[in-house]
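Below: the structure, in structure tokens.
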Amino acid sequence: MSNTSAISVRNLWQVFGPNPEKIVDSPDAALPRAELREKTGNTAAVREVSFDVAPGEVFVVMGLSGSGKSTLVRCLTRLIEPTAGSVVMNGEDVLKASESRLRELRRTQFSMVFQNFGLLPHRKVIDNIAFSLEVNGVAKDKRHARAREVIELVGLEGFEQAFPEQLSGGMQQRVGLARALAVDPEVMFLDEPFSALDPLIRRDMQTEVIRLHQELGKTMIFITHDLDEAIKLGDRIAIMRDGAVVQMGTAEDLIANPADDYVAEFTRDVPKSHVLTLRTIARPARADEKVSTTTLPSSTVIRDSTKHILAADGSVTVLDGNNPVGVVNAQDVLRVIGGGIN
């Protein structure tokens with residue numbers, strides 16, 4: 001996949017402490033975090049992480065506090081210098097870039113949005129948004145013209161001349177998104193950008209990110225500790241624990257087939273019928289089973305299929321394209337709603 005990836009990460013490590021490079025790939029690296037710290041004085045914040053992100057994909061990294069997710073995104077952007085590994089964007093290893101080249105990449109190819117909005121309080125909205133272009137040496141009339149384009153894109157019309165302190169938290173984060181979009185980056189890194197917002201505003205901002213992604217198709221790496229947010233936004237999700245990725249896949253993959261008890265506990269409270277599709281529960285028809293003429297695509301979310309299944313005069317055939325992959329009936333759906341899958 002790496003040949004067509006927007007981002008290809010291989011064997012990424014971040015070890016804090018004395019002689020961190022000696023920990024990489026050593027027997028000590030497998031020790032639990034507390035034991036490693038006690039034995040060597042080191043903390044492995046990111047352990048041998050590898051993944052690919054396809055162009056236009058929203059890739060979500062999630063985990064509890066201390067899992068390494070925020071350290072990971074800072075390594076990807078070299079806000080923290082990784083101990084080992086590679087981060088390839090457009091065929092170029094960002095970790096090997098010179099300081100001047102790294103500044104150029106940050107100005108032109110990728111942008112970052114953080115929980116702390118980081119707005120310049122003495123600058124108006126339009127100048128905050130245009131700041132990244134100003135750093136790039138873009139003339140004032142051109143950078144303001146571009147700022148107005150993204151102001152319209154993120155719904156900030158009428159607030160161009162406002163100062164950050166005059167805006168709500170949600171509006172300030174819109175400014176942060178607009179500033180990140182102003183340089184038309186190929187990749188956006190978003191590190192828990194909405195975690196400080198009130199729940200209703202947070203939901204609105206999640207919807208805004210989905211809309212922007214549908215309109216612009218940007219590749220995004222989104223960091224969160226909230227599984228509901230991850231499910232809503234992510235094409236795929238990586239769950240981290242103690243610096244390592246313990247499972248990676250679609251929300252359906254994680255919920256239907258958790259890799260271990262940690263992932264199962266993470267996903268325990270998610271309404272399975274809201275995430276799983278008919279593909280997950282389709283089964284062979286029994287010899288004596290009545291099968292109706294009703295058919296449904298295998299990609300149909302179980303919740304959305306319920307009324308059709310209940311209205312059918314027998315089990316419903318599940319199709320992958322034109323190919324039958326099995327049948328489902330009301331009992332199959334009720335078993336999922338009741339908490340089971342198989």
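The values are calculated or read from the model by the stated rules, or taken from the named source; none is laboratory data. Predicted model, so just to flag it, every value in this text is computed and none were measured. No Cβ is skipped: glycine too gets one built from the backbone with ideal geometry, and neighbour counts run over all protein chains shown. Heads up: the accessible areas ignore ligands, DNA and RNA and are worked out on the full protein's heavy atoms, side chains in. Shrake-Rupley method; radii C 1.70, N 1.55, O 1.52, S 1.80 Å.
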Practice task
Mind grabbing the accessible area of E160 for me, 1.4 Å probe, Å², rounded to tens?
Solution key: 50
Problem - Cα-only radius of gyration and Dmax that characterise segment 70-212, units Å - result: 15.5, 47
Exercise for the section: Just need log10 I(q)/I(0) for segment 248-305 at q = 0.25 Å⁻¹, Debye formula, equal scatterers on the alpha-carbon atoms, no solvent, rounded to two decimals. Expected result: -1.02
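What's the local net charge at V336, with K and R +1, D and E -1, over the other residues with C-beta under 10 Å away?
In short, +2.
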Practice task
Report the antiparallel proportion of the DSSP beta bridges in the chain as a percent, rounded to a multiple of 5.
Solution key: 55
Problem - Packing rank of 167-175, 183-191, where each peptide gets the mean count of other beta carbons within 10 Å, highest leading - result: 183-191, 167-175
Problem - Diffusion constant of segment 28-91 at 25 °C, which comes from Stokes-Einstein with the Kirkwood Cα-pair radius and 0.890 mPa s, µm²/s - result: 182
Problem - segment 14-39 and segment 158-224: distance between their alpha carbon centers, rounded to Å - result: 36
Practice task
With the convex hull built on the Cα atoms of segment 130-288, state its orientation-averaged projected area in nm².
Solution key: 13.2
Handout entry: Length gained when the stretch D184-S98 is fully extended (0.36 nm per residue, less Cα-Cα span)
Key = 28.7 nm
Exercise for the section: Count the net charge of all other residues whose Cβ sits under 14 Å from the Cβ of E165, scoring Lys and Arg as +1 and Asp and Glu as -1. Expected result: +2
Problem - Euclidean distance between Cα centres, segment 226-243 to segment 75-145, Å - result: 24
Completion exercise
With only helices counted (DSSP H, runs n ≥ 4, each -39500 (n - 2.57)), the per-residue ellipticity at 222 nm for the chain, to the nearest 500, works out to -10500 deg cm²/dmol
Exercise for the section: Would you please state the base-10 log of I(q)/I(0) at q = 0.11, 0.17 1/Å for segment 224-342, with intensities from the Debye formula using one equal scatterer on every alpha carbon? Expected result: -0.40, -0.83
Completion exercise
Here the alpha-carbon Rg of segment 11-118 over 2.2 N^0.38 Å rounds to 1.14
Practice task
Taking the Cβ of P121 as the centre, find all other residues whose Cβ is under 13 Å away and add up their charges (Lys, Arg: +1; Asp, Glu: -1).
Solution key: 0
Exercise for the section: Treating each Cα of segment 93-142 as an identical point scatterer and ignoring solvent, apply the Debye formula and state log10 I(q)/I(0) at q = 0.20, 0.28, 0.29 Å⁻¹. Expected result: -0.83, -1.12, -1.14
Exercise for the section: Could you tell me what fraction of 2.2 N^0.38 Å the Cα radius of gyration of the chain comes to, as a two-decimal ratio? Expected result: 1.15
